[in-house]
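Enquirer: Got a structure here, written out as structure tokens. Questions coming.
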Amino acid sequence: MSALAGCNQSYSQVQQPSPAPKLRVVTTFLPMYWFTKAVVGEEVEILIPPGTEVHDYQATPANVSAIATANVLVKNGIDFEQFLDGTIKSAQNSQLKEIDASANIKSLAGNPHVWLDPVLAKQQVANIRDGLVAANPENKAIYQANAKTYIQQLEKLDAEYKQRLQKYPNCTFISFHDAYPYLANRYQIKQVAVVEIPEDQLSPTDVQKAINAVKQYKAKAIFGEPGVDNKLLKALAQDLNLTLQPLDSLESGNLDPQHYFQAMQANLKTIEAACK
Ligand SMILES: [Zn+2]
């Protein structure tokens with residue numbers, strides 16, 4: 001009994017290495033949140049709440065305090081998060097490490113939607129991993145293992161896109177959100193005639209532009225945003241004898257990093273059906 005007690009005591013006296021201080025990681029919007037969360041494996045923060053319009057986002061005071069106390073900030077870059085400039089200045093955090101997920105990615109005409117191409121998404125995950133390793137080398141093995149798992153899933157997704165879309169070379173579509181040039185480029189389909197959705201009505205110019213594009217390019221599909229019930233777009237599609245299909249730019253959705261794959265699979269189905 002005494003031997004056991006002594007053993008317990010000496011065991012409890014072994015100096016445990018003090019745990020590494022928890023890194024506070026802040027991300028801007030959903031795809032950056034998913035990719036970062038997948039690499040970190042634990043809690044990270046998101047500045048733009050899912051469901052909030054990302055393109056014209058205005059920073060809140062809560063965003064400033066989040067950045068003021070963060071160790072790392074992960075952004076998409078390519079000028080997408082324009083709200084950050086002033087927010088970072090206001091936060092006055094000289095210790096902040098910024099990770100630009102699009103570093104070394106060649107942009108197409110400054111279009112920021114690189115996360116919709118699984119191959120470029122892989123590059124973004126790798127950039128995030130490398131930035132996190134630089135910020136917190138102690139967790140290098142964890143970040144590398146987590147990134148590897150997620151990158152393997154992206155590779156699988158890419159292979160599936162390639163295999164299923166190669167039957168439809170140059171399948172042409174019209175989009176109402178200029179979000180798909182990277183995806184189209186990767187899988188040899190074509191986005192033509194982006195008509196931005198106006199608040200309440202399409203102008204005659206928008207309608208004419210869409211009609212001309214459908215005729216000129218023999219477009220197969222019109223893609224709208226999921227969850228947006230736009231009667232005008234529906235009517236336009238009907239006039240053009242095309243169906244309006246929802247294509248997800250992944251700017252909203254749920255917080256599970258696996259949601260990326262679910263939404264991209266749904267997009268693949270939609271594109272495939274439209275191109276048939
Ligand atoms: Zn967008």
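Enquirer: Pick out, from the range 1-85, the helices (runs of 4 or more DSSP H) lying fully within it that include 2 or more residues that are β-branched (Val, Ile, Thr) and either at pLDDT 95 or above or within 27 Å of residue 258 (Cβ to Cβ) (or both).
Expert: Ranges flagged: 30-40, 61-68.
Enquirer: Might you let me know whether the range 197-217 holds any residue that is at pLDDT 95 or above and either part of a loop (DSSP other than H, G, I, E, B) or outside the structural domain of residue 98 (by TED's automatic domain parsing) (or both)?
Expert: Taking every residue of the range 197-217 in turn, none turns out to be at pLDDT 95 or above and either part of a loop (DSSP other than H, G, I, E, B) or outside the structural domain of residue 98 (by TED's automatic domain parsing) (or both).
Enquirer: Here are 168, 217: which of them is surrounded by fewer than 18 Cβ atoms within 10 Å (Cβ to Cβ) and in contact with a Cys (Cβ under 8 Å, 6 or more places away or on another chain)?
Expert: 168
Enquirer: Please verify whether the range 93-104 includes one or more residues that are of a type outside the set (A, V, I, L, M), closer than 14 Å to residue 64 by Cα, at pLDDT 95 or above and more than 16 Å from the ligand (Cβ to nearest atom).
Expert: Yes, there is a match, as at least one residue in the range 93-104 is of a type outside the set (A, V, I, L, M), closer than 14 Å to residue 64 by Cα, at pLDDT 95 or above and more than 16 Å from the ligand (Cβ to nearest atom).
Enquirer: Within the range 244-254, can one find any residue that is over 30 Å from residue 42 (Cβ atoms) and away from the ligand (no atom under 16 Å from the Cβ)?
Expert: There is at least one residue in the range 244-254 that is over 30 Å from residue 42 (Cβ atoms) and away from the ligand (no atom under 16 Å from the Cβ).
Enquirer: Looking at the range 108-125, which of the residues that are within 10 Å of the ligand (Cβ to nearest atom), outside any helix (DSSP H, G or I) and not polar (S, T, N, Q) is surrounded by the fewest Cβ atoms within 10 Å (Cβ to Cβ)?
Expert: Selected residue: 112.
Enquirer: OK, next. When you scan the range 168-178, do you find a residue that is of a type in the set (Ser, Thr, Tyr), away from the ligand (no atom under 16 Å from the Cβ) and not assigned by TED's automatic domain parsing to the domain that holds residue 97, even just one?
Expert: So far as the range 168-178 goes, yes, one or more of its residues are of a type in the set (Ser, Thr, Tyr), away from the ligand (no atom under 16 Å from the Cβ) and not assigned by TED's automatic domain parsing to the domain that holds residue 97.
The values are calculated or read from the model by the stated rules, or taken from the named source; none is laboratory data. Predicted, not measured: the structure shown is a model, and the values here were computed from it. All Cβ positions, glycine included, derive from the backbone under ideal geometry; neighbour counts span all protein chains shown.
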